[in-house]
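Each remark here refers to the structure printed beneath this line.
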Amino acid sequence: MKIMFPEIYLTAAISTDYLTVADNNLFEQAHKEPLSRIAKRDTGYFLKLWETEEDARESKFFNALSSGENGVQGLIIQAIMINASCIEFDCDAGYTV
């Protein structure tokens with residue numbers, strides 16, 4: 001049987017080393033909330049992305065994340081720009097600066 005997938009999502013993977021202590025704390029709290037954009041796993045987190053940069057910037061959660069040259073906000077914007085629907089923060093993923 002051939003299955004038709006109505007939607008296909010792109011996930012960007014990046015090292016958990018990009019998460020600051022404050023980012024980790026936010027992810028840890030957020031994954032417990034109903035309808036959270038965060039899913040926790042043993043090796044890190046999945047973050048369901050917003051559809052547009054504007055949508056992200058309107059989010060209280062997004063604005064609480066680290067900014068700056070290597071901040072999570074910038075990573076999110078880059079992922080949205082390549083049409084990713086999710087970021088996997090994984091301790092086994094590569095870390096580059």
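The values are calculated or read from the model by the stated rules, or taken from the named source; none is laboratory data. Small disclaimer: the values here were computed from a predicted structure and weren't measured. All Cβ positions, even for glycine, are placed from backbone atoms using ideal geometry, and neighbour counts span all protein chains on display. Note: accessible area is taken over every heavy atom of the protein model, side chains too, but ligands, DNA and RNA are not part of it. Shrake-Rupley method; radii C 1.70, N 1.55, O 1.52, S 1.80 Å.
Values for this structure:
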| read-out | value |
| --- | --- |
| Within region 20-97, strands (runs of 3 or more DSSP E) holding 2 or more residues that are of a type in the set (Ser, Thr, Tyr) and more than 22 Å from residue 9 (Cβ to Cβ) | none |
| Output for region 1-27, where each listed residue is surrounded by fewer than 18 Cβ atoms within 10 Å (Cβ to Cβ) and of a type in the set (Ser, Thr, Tyr) | 9, 11, 15, 20 |
| Residue list for region 62-73, filter: touching a helix residue (DSSP H, G or I) at 6+ places or on another chain (Cβ under 6 Å) and open to solvent by less than 60 Å² (accessible area, probe 1.4 Å) | 62, 64, 65, 66, 72 |
| Matching residues in region 31-43 - criterion: being in contact (Cβ under 8 Å) with a residue 12 or more places away in the chain and under 20 Å from residue 80 (Cα atoms) | 37 |
| Residue list for region 42-56, filter: surrounded by 12 or more Cβ atoms within 10 Å (Cβ to Cβ), closer than 17 Å to residue 89 by Cα and of a type outside the set (A, V, I, L, M, F, W, C) | 43, 44, 45, 48 |
| Lone qualifier among 80, 76 - being among the hydrophobic types (A, V, I, L, M, F, W, C), buried (at least 17 other Cβ atoms within 10 Å of the Cβ) and under 20 Å from residue 24 (Cβ atoms) | 76 |
